[in-house]
């Protein structure tokens with residue numbers, strides 16, 4: 001006799017997968033210079049209007065910043081339909097990743113910190129979901145919790161659809177870069193904080209990632225360690241110390257936080273390495289396993305491509321080996 005919870009999750013996943021047709025296309029679809037074709041499969045996060053509704057709604061627009069053929073570097077703003085862009089592997093290994101690109105909470109980097117990481121993981125068997133979350137300064141109410149609402153909802157939808165994608169519900173990673181790294185760490189530390197009203201059965205599931213990898217992450221919201229641009233974009237210009245603390249992952253880290261993988265360059269001139277060091281110290285104090293990779297050289301925003309030829313280029317392999325040690329397939 002089937003376990004009732006497993007039956008509920010299977011039915012939920014089937015229903016959600018059936019509803020996945022006619023979803024919003026990927027941001028900036030077909031506008032980039034990358035030699036790789038854009039993905040086409042997406043999952044809208046919300047069945048109707050998302051919470052913390054903005055009036056008027058922002059208008060989505062993507063800009064290609066690269067001038068080199070074969071190398072894409074798009075940014076997108078105005079996301080009114082937050083969604084996941086899906087990368088399916090040829091042979092699923094049972095692992096999934098929610099990838100949150102950066103952009104200082106003012107825009108989202110599509111290629112460098114989204115699709116490139118997704119392709120790297122997908123080639124190794126991971127099913128990858130790139131998150132295009134709402135940007136807090138574009139008129140949404142409760143601005144500081146808007147990105148987290150989208151991240152929590154994304155994690156629950158990935159878990160609900162696990163059967164449809166050939167993945168395990170207890171093998172879902174969160175990976176984020178820069179401001180997307182803040183969102184990753186925020187999700188890892190505040191996954192159980194209610195920031196929106198449940199909308200369907202998927203919201204009964206946990207939003208906790210099984211592991212989390214904030215990469216050269218914005219973490220502190222208190223100056224001078226904070227990245228000033230991300231802090232203002234997320235919290236607004238008049239944030240109080242109490243609001244800063246509420247949105248600083250190191251302050252919110254508990255024993256329930258999943259194991260962490262941190263990577264940062266010590267010559268990062270945009271987001272000081274002290275952001276990752278404080279998160280590491282908090283994890284150690286709480287007894288949360290944490291792997292920390294610090295590189296002498298790499299600057300900020302190295303992703304995969306900008307790390308080429310430097311020791312920092314090793315970070316994806318180091319992450320994959322660390323994740324394998326925690327039960328994620330090699």
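No value in this document is a laboratory result; all are computed from the given coordinates. Quick caveat: nothing in here was measured; it's all calculated off a predicted structure. Counting neighbours? That spans all protein chains shown, and the Cβs are built from the backbone with ideal geometry, glycine included.
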**OP:** Give, to the nearest whole percent, the P(r) tail of the stretch 81-229 beyond 22 angstrom, counting all Cα pairs.
**Re:** 34
Original post:
Over what distance in Å are the Cα centres of the stretch 214-285 and the stretch 180-203 separated?
Top reply: 17
Original post:
Between residue 297 and residue 40, what length comes free when the chain is fully extended (0.36 nm per residue of separation minus the Cα-Cα distance, one decimal in nm)?
Top reply: 88.9 nm
Original post:
Can you sort 40, 240 by how many other beta carbons sit within 10 Å, fewest first?
Top reply: 240, 40
Subject >> Cubic angstrom per residue, convex hull over Cα atoms of the stretch 50-153 >> reply: 94
**OP:** For the stretch 186-330, just say rounded, prolate or oblate: build the C-alpha gyration tensor, square-root its eigenvalues into a ≥ b ≥ c, call rounded for a/c under 1.5, and beyond that prolate if a/b exceeds b/c, oblate if not.
**Re:** oblate
Original post:
Taking other Cβ within 10 Å of each residue's Cβ, how do 193, 158 sort, fewest first?
Top reply: 193, 158
**OP:** Assign one of three labels to the stretch 171-223, namely rounded, prolate or oblate, based on the Cα gyration tensor with a ≥ b ≥ c the square roots of its eigenvalues; rounded applies when a/c is under 1.5, prolate when it is not and a/b is larger than b/c, and oblate otherwise.
**Re:** oblate
**OP:** Run through every distinct alpha carbon pair of the stretch 268-330 and return the Kirkwood hydrodynamic radius in angstroms, one decimal place.
**Re:** 13.1
Original post:
Arranged by the count of other C-beta atoms within 10 angstrom, fewest first, what order do 264, 182 take?
Top reply: 264, 182
Subject >> Cα gyration tensor shape for the stretch 222-286, rounded if a/c is under 1.5, else prolate or oblate >> reply: oblate
Original post:
Could you give the semi-axes, largest first, of the ellipsoid that matches the chain, computed as the square roots of 5 times the alpha carbon gyration tensor eigenvalues and rounded to whole Å?
Top reply: 26, 22, 22
**OP:** With an 8 Å cut-off on Cα pairs and a minimum separation of 6 or more residues, tell me the relative contact order of the chain in percent.
**Re:** 14
**OP:** Have a look at 220, 66, 122 and tell me which one the Gaussian network model of the chain (Cα, springs below 10 Å) gives the largest fluctuation.
**Re:** 66
Subject >> the chain: calculated mean residue ellipticity at 222 nm from DSSP helix runs of at least 4, using -39500 (n - 2.57) >> reply: -8500 deg cm²/dmol
